[in-house]
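The values are calculated or read from the model by the stated rules, or taken from the named source; none is laboratory data. Because the structure is a prediction, the values reported are computed rather than measured. Positions of Cβ are generated from backbone atoms using ideal geometry, with glycine treated the same way; all protein chains shown enter the neighbour counts.
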């Protein structure tokens, strides 16, 4: 790891943080009950975006270590202390008790997965739920069992899904037997088909480049890419996909981000650079703003001209020539799961390209976070010298994002230009990449100039849960690893 100005300044800053006025840490009468609690306090008061808004994180809050220890000892569970420090508007910070599983998830590795994504929905005012499959990963237990996009299920392991039991049925199981059914009407229950899908969980590493395809619309070649997570260890795969699109002469592009809850800022910069051919390393995609303690590191996020290659530890190990498309406009498909780095690509490109959003309003995550480990000598941003006595890690919000013209006000999400909900087409949900699939067909219709009939709407049905909701890159949780190039410390890995 290279030495840097940031490392020197951060180490000095943390030394100041660790000192409490008028007392050495060893000179205390009240022992600290939890090393985790001290880690939470130190990490949040250094990096947390809203540090100045939280009285108990103030620099002058505690005059002695005895006073600090007495405060921290009030919280028997680390999660309670973490929640105590959260700002009222913070929807995305979180803490885990297993950083190994966290690191795997941030690189797209699920230790126990069936290989399909789904939504759970409720009909009317009942407590009964049913699920429908959004997509199935290749070479997964779900694909081997014959599960496909659009399949509807109403029970798992023989137990009907309700709003009271779904969490225990959709998480933590090593085997699932789905009872499939048919969605008839919003006023009727799901009709059981008698078909059962039996699956056992395995470890899966998901390639976020899910589908690359082209369409001929008249004499126009249209590219289509389903991209499901911004992971910096899959840059070569993304570059290969754009090489395919470029070689086929694509002049119109449909980017499907409807299931992409976010990830690496570096990868977002890369994707934006592949889509906007006129950008250089001097062209500004956006900016990133930290708390006042880290204000010296506020900076611009620029486009890229080459493809940085990272390993799964987040270290850059090489680079490739970038494949880029020459586009005048861009169509992006979205849902209520489109978040974070996906929204950075949308807002970052809007000042430069004509962008049409088709689908649903996005999440509204205009903030970034960092993985913090209990490694004080490394500024809490590396596992080098990590405390061996526990495996807790934090993912607090530490920054706010804006595009090149300063736009950052999308906390309520980014509204589509053409509103379409998949739920309205649930009885005829086509495979991703099928030209008749509703959102894709809408984009193709606009490109062809033929247009389509007004999108249908549906009432009386409500989304309750998405399979990504408990994952680190989820709209409700966090996204994946990246490095902010503006920070010269390689291991300072900040995420959006």
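Summary of computed values
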| read-out | value |
| --- | --- |
| The listed residue being surrounded by 24 or more Cβ atoms within 10 Å (Cβ to Cβ), closer than 26 Å to residue 278 by Cα and in contact with a strand residue (DSSP E or B) (Cβ under 7 Å, 6 or more places away or on another chain), out of 357, 372, 344 | 344 |
| Segments classed as strands (runs of 3 or more DSSP E), wholly inside the range 326-400, with at least 1 members that are over 19 Å from residue 229 (Cβ atoms) and touching a helix residue (DSSP H, G or I) at 6+ places or on another chain (Cβ under 8 Å) | 329-334, 354-359, 393-395 |
| Test: residue in the range 100-111 that is part of a loop (DSSP other than H, G, I, E, B) and surrounded by 15 or more Cβ atoms within 10 Å (Cβ to Cβ) | yes |
| Qualifying residue in the range 188-196 (condition: without any contact (Cβ under 8 Å) to a residue 40 or more places away in the chain and in the same structural domain as residue 315 (by TED's automatic domain parsing)) | no |
| Tally, over the range 431-470, of residues that are part of a loop (DSSP other than H, G, I, E, B), surrounded by 20 or more Cβ atoms within 10 Å (Cβ to Cβ) and either at pLDDT below 80 or touching a strand residue (DSSP E or B) at 6+ places or on another chain (Cβ under 8 Å) (or both) | 3 |
| Residue match in the range 100-115 (condition: over 30 Å from residue 209 (Cα atoms) and outside the structural domain of residue 383 (by TED's automatic domain parsing)) | no |
| Test set (1) loosely packed, with under 15 Cβ neighbours inside 10 Å; (2) closer than 30 Å to residue 131 by Cα - residue 385 fails condition number | (2) |
| Scope the range 197-218; condition touching a helix residue (DSSP H, G or I) at 6+ places or on another chain (Cβ under 8 Å) and without any contact (Cβ under 8 Å) to a residue 40 or more places away in the chain; matching residues | 209, 212, 214 |
| Residue within the range 67-83 that is surrounded by 14 or more Cβ atoms within 10 Å (Cβ to Cβ), out of contact with any helix residue (DSSP H, G or I) (no Cβ under 9 Å at 6 or more places or on another chain) and assigned to a loop (DSSP other than H, G, I, E, B) present | no |
| Set 268, 261, 272, 279: member being crowded, with 18+ Cβ neighbours inside 10 Å, in a loop (DSSP other than H, G, I, E, B) and either touching a helix residue (DSSP H, G or I) at 6+ places or on another chain (Cβ under 7 Å) or not assigned by TED's automatic domain parsing to the domain that holds residue 350 (or both) | 279 |
| Criterion violated by residue 236 - all others in (1) surrounded by fewer than 24 Cβ atoms within 10 Å (Cβ to Cβ); (2) part of a strand (DSSP E or B) satisfied | (2) |
| Filter result for residue 423 (modelled with pLDDT of 95 or more, crowded, with 16+ Cβ neighbours inside 10 Å and either out of contact with any strand residue (DSSP E or B) (no Cβ under 7 Å at 6 or more places or on another chain) or more than 17 Å from residue 262 (Cα to Cα) (or both)) | no |
| Scan of the range 310-322 for residues that are assigned to a strand (DSSP E or B) and under 20 Å from the mean Cα position of the chain (by Cα), ordered by number | 310 |
